[in-house]
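Please treat every number below as a calculation from the coordinates, not as lab data. Note that the coordinates shown come from a computational prediction; the quantities given were computed from them, not determined experimentally. Note: ideal-geometry Cβ built from the backbone for every residue, glycine included; neighbour counts use all protein chains shown.
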Amino acid sequence: MSGPNHHKGWESSEFPILCGSCLGDNPYVRMAKEQFGKECKICQRPFTIFRWVPGAGMRMKKTEICQTCAKIKNVCQTCVLDLEFGLPVEVRDTLGGIQDDMPTSDVNKQFYVHHAEQAMADGTLTQASAGGKMDPAGREQLKKLARTEPYYKRNRPHLCSFYAKGTCNRGDECPYRHELPVTNELAHQNIKDRYYGQNDPVAKKILNRTDRSGHLDAPEDPSITSLFLQNVEPDITEADLRGFFYAFGDIRSIVISKRSRVAFINYTTREGAERAVEKSFNNCNIKGHVIRVQWGKPKQQGPKSASHADAATTSREPTVDEIASLDAIPPPPGAGGPVRYSAMDPTQLGQVPLKKVLGEM
Ligand SMILES: [Zn+2]
Ligand SMILES: [Zn+2]
Ligand SMILES: [Zn+2]
């Protein structure tokens, strides 16, 4: 990291951050290094590009995103898969219940990345460790899905497009693979979506075949017919929520607190609520936001404990005052706050909360 650096804010590094699959099976692999060789595909700052051949017969690989961006998400600089589980970010964050607040607008993003980098240099921010703050149940699921050994096949040469058309005459000399292409979701991926964990067809496929029900037991109190949602970002409207949740049962009402970014979906029947929880738990993505779904709070007994939150779990419509006061109430017990990597904790990025600074820009 040291040495003469005339390119302020540009990243210089000695060795890439790679997953075992991208590195290949030779620990002594030779790497070609090019300082400021290309712009990072996420933050657009020039960074040190590495190129190497990960084993005999494999294609040349290179780093695509900078080390800082890789550390922020704990992903490989080349394949952008999670370093711990070898899974797409979207799968990890959905199952692990992790919320990401990395800005996507270019100016704010560069500012965020720059601060993260400084914090890493100061030692106030260490490489994101996804493990500690994850849902324990989600973590178990990720462990089951995780690759237990490197997947070197991913490093094979690209398919020969001439072979596919029947016009390659290079035979065994052809450096590309002579196989017919199968429809491959990877072809429809892009690195930014994979990095931000959104619209990732590979992730969708993995999530669809993952049994994600049965990790949220229905509350014993049969009068509870509400879902409590977290991470309801300001751009999510009641219509968006209705559009997602109406399919599971008749909805009596929807209450959104923009300020607390929470919402209640109140079903008319317990069956509807149970179906909704079963289908949406760890599987609710609206407008690119991963929504955290929990059961509503049990209805409390006695006048003293009748907080406004209970309004949402009873069968009547909450009043305007109750809706307004939702902003003041904490989430139900056990719901917890949004889970983040340490690297995503704005308070760890310096003395000034990053969000505050960003808000003033
Ligand atoms: Zn970057
Ligand atoms: Zn990789
Ligand atoms: Zn060929």
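Details
- Chain lengthening between residue 279 and residue 170 when straightened (0.36 nm per residue, less Cα-Cα): 34.1 nm
- Packing-based ranking of 77-83, 48-54 yields 77-83, 48-54, ordered from highest to lowest mean Cβ neighbour count within 10 Å.
- Distance from region 136-175 to region 50-100 (C-alpha centre basis), Å: 15
- Working ranking of peptides 147-158, 13-24 by packing, defined as the average number of other Cβ atoms within 10 Å per residue, highest first, is 13-24, 147-158.
- Rounded FRET efficiency, nearest 0.05, which uses the C-beta distance separating residue 26 from residue 179 and R0 of 25 Å: 0.55
- Taking 25 Å as the limit for the C-alpha separation, the pairs 38/109; 165/192; 73/205; 144/279 exceed it in the case of 165/192.
- When each of the peptides 136-146, 244-254 is scored by how many other beta carbons lie within 10 Å of its residues on average, the order from highest to lowest is 244-254, 136-146.
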